[in-house]
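Any read-out appearing in this document is the output of simple, stated calculations on the displayed coordinates, not a laboratory observation. No experiment lies behind these values; they were computed from the predicted model shown. Every residue, glycine among them, receives a Cβ derived from its backbone with ideal geometry; neighbour counts consider all protein chains shown.
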Amino acid sequence: MPGVPFHDLALPKRNGLVGVAVADTGIGIAPEDLDRVFDRFHRAEHSRSRAHGGAGLGLTIARMLAELQGGSISVDSTPNEGSRFVLWLPAGD
C-alpha cells in the first residue's frame with residue numbers, strides 16, 4: 001500500500017493453527033472504530049470519499065474467508081502508532 005510503511009511480518013503457531021501477523025506504523029485505528037472495522041461498509045476514516053478508494057468491504061471479506069476455513073482474524077491498533085492484524089488458519093499436515 002502506498003504511503004503505509006511496512007513494519008513487521010510474523011508466522012506464529014498455536015493450537016493447530018498458524019497465524020500470519022502483519023503490523024505497520026501507519027495512522028492506526030481509533031478505539032471507537034476497532035469494534036466495527038470488520039463490519040460491512042464501515043470505514044474508519046470518515047472523511048475519505050469513495051473516489052479515493054475503498055468501499056469498506058475488504059476486512060469483511062477477509063473475516064468471512066478466514067471463518068469459512070475454520071480460522072479467524074483480529075486487530076490491535078493504537079492511533080498514531082499503527083495496527084497489527086493476525087489471520088489464524090488451520091495448519092496443514
Sorted peptide list for 21-29, 62-70, criterion being average Cβ within 10 angstrom, highest first: 21-29, 62-70
Using r as the Cβ-Cβ distance of Ala21 and Thr60, and R0 as 22 Å, what FRET efficiency do you calculate, to the nearest 0.05? 0.65
Roughly speaking, what is the stretch gain from Arg14 to Ala30, that is 0.36 nm per residue apart minus the C-alpha to C-alpha distance, in nm to one decimal? 2.9 nm
